[in-house]
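A short write-up of the structure that comes next.
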Amino acid sequence: MIVQLSGEVSNYIHLLDKKYSLFSGNNYLGLSNHPEIKKAAQNAIDRYGLNFAAARHTTGTSDIHLELEKELADFKNEEDAVTFASGFMGNSILLHSLQDQYASLFIDELAHPSILDGIPRDIKDIHFYKHCDVQHLEELLRKHNNQRALIITDGIFPLTGKISPLNEIYPLVEKFNAILVVDDAHATGVLGKNGRGTPEHFHLHGAAHIYQTETMSKALGVYGGFISANREMITLIRENSKIYLASTSLPPPLVSAASTSVKIVKQQPGLRPELVQKAHEIREGIIKLGFHTNQEPTPIIPIFLNSRDEAMNLSGYLQDNGIIVPCVNYPVKMDKAIVRITVSVNHTKDQIEELLIILKQWRSKHGVT
């Protein structure tokens, strides 16, 4: 499904002048249209214009870049942070920056495409472990234990909403003296007591040899990627990453908007439990209707169906009844079709009730496979 928007994106959208309830996208904390964040972006345009028109290491670093990176480091309780144009770049930046510290890669088979695209060309010893299967991962680590390993996984998997079992993976990191990289695009601002992501969710924030790649385009509601870590790691990225060195710096409105967003996330910790509660209500309703979904406390709620035709039928039925929930065509191999519901803190009780009513109507007509 490709929709053509004709207005802002929130819990409702307009398509060709018709209003729809939106259960799609990644606006988890409802910040993409927050008035303070929009005002910060507008003020930045007035002061700095639209573009710094240079890379960070030449004349593209501004005071607001440094302020944003300070805010992110504080949010993550780390020594430093570095920002760049897109969260998609983060895995490549980190895998290349760590390249002299590992020789073999162990990747979850449903890893995000940015992980696969980010593998350095010199790394040839690459192994895929079954999705979230820690036993299989350990078997592979034992079998290929002749050189230092790097394990990389999504924190929250964007198709299924499943949380990677870092509490079981990290003992293997210690046992095999490995490095763990977590693509936490969908977990930043969502998981953990302070919204710091999947490691914090499992009480592993600050543990040795764990690195995260993160984005400001989902729960934070803005755009751009970042990595936060110890000062040595961040300095290494700033001085050696070709992507960072050769990219134009983030534009002024996005930088100021992101700084304001991070402040709001820190100041309003109640957003996360409210999001979890709304997702729980929808998930429980879907399960009661007999649909197959996950049991994870995340805002991604897949409905698993046996065929793409069936998934397209459900998605189309929802749209005909004023609700946008896409049948996801994603570049990751799955044995089932998925209609993916994503939840925002902005969703109202009436929207949630309406979604479950329409799903019940479709089930009554078509059954559940």
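Taking residues in region 14-27 that are within 15 Å of GLY221 (Cα to Cα), and partners anywhere that are among the basic types (Lys, Arg) and surrounded by 11 or more Cβ atoms within 10 Å (Cβ to Cβ), the pairs with Cβ atoms closer than 6 Å and at least 6 places apart or on different chains are ASN26/LYS218.
Just so you know, in region 175-199 the residues that are open to solvent by 10 Å² or more (accessible area, probe 1.4 Å) and within 18 Å of GLU109 (Cα to Cα) include one that is farthest from the chain's Cα centre (by Cα), and it is ASP183.
For region 245-276, a tally of residues being open to solvent by 30 Å² or more (accessible area, probe 1.4 Å) and either more than 21 Å from GLU200 (Cβ to Cβ) or hydroxyl-bearing (Ser, Thr, Tyr) (or both) returns 5. A count restricted to region 116-168 and to residues that are open to solvent by 60 Å² or more (accessible area, probe 1.4 Å) and assigned to a helix (DSSP H, G or I) stands at 8. Of the set (1) closer than 14 Å to SER97 by Cβ; (2) open to solvent by 10 Å² or more (accessible area, probe 1.4 Å), all apply to HIS205 but (1). What about LEU172, is it at pLDDT 95 or above, crowded, with 24+ Cβ neighbours inside 10 Å and either out of contact with any Pro (no Cβ under 9 Å at 6 or more places or on another chain) or not in a loop (DSSP other than H, G, I, E, B) (or both)? No: the conditions fail for LEU172. Identification of strands (runs of 3 or more DSSP E) wholly contained in region 202-319 with 3 or more residues that are in contact with a helix residue (DSSP H, G or I) (Cβ under 9 Å, 6 or more places away or on another chain), within 28 Å of ASP74 (Cα to Cα) and not small (Gly, Ala, Ser) yields 210-215.
Given the criteria surrounded by fewer than 17 Cβ atoms within 10 Å (Cβ to Cβ) and among the basic types (Lys, Arg), does ARG308 qualify?
Yes; evaluated as a whole, the condition is true for this residue.
The values are calculated or read from the model by the stated rules, or taken from the named source; none is laboratory data. Since this is a predicted model, take the numbers as computed values, not measurements. All Cβ positions, even for glycine, are placed from backbone atoms using ideal geometry, and neighbour counts span all protein chains on display. The area values use the complete protein model at the heavy-atom level, side chains included, leaving out ligands, DNA and RNA. Shrake-Rupley method; radii C 1.70, N 1.55, O 1.52, S 1.80 Å.
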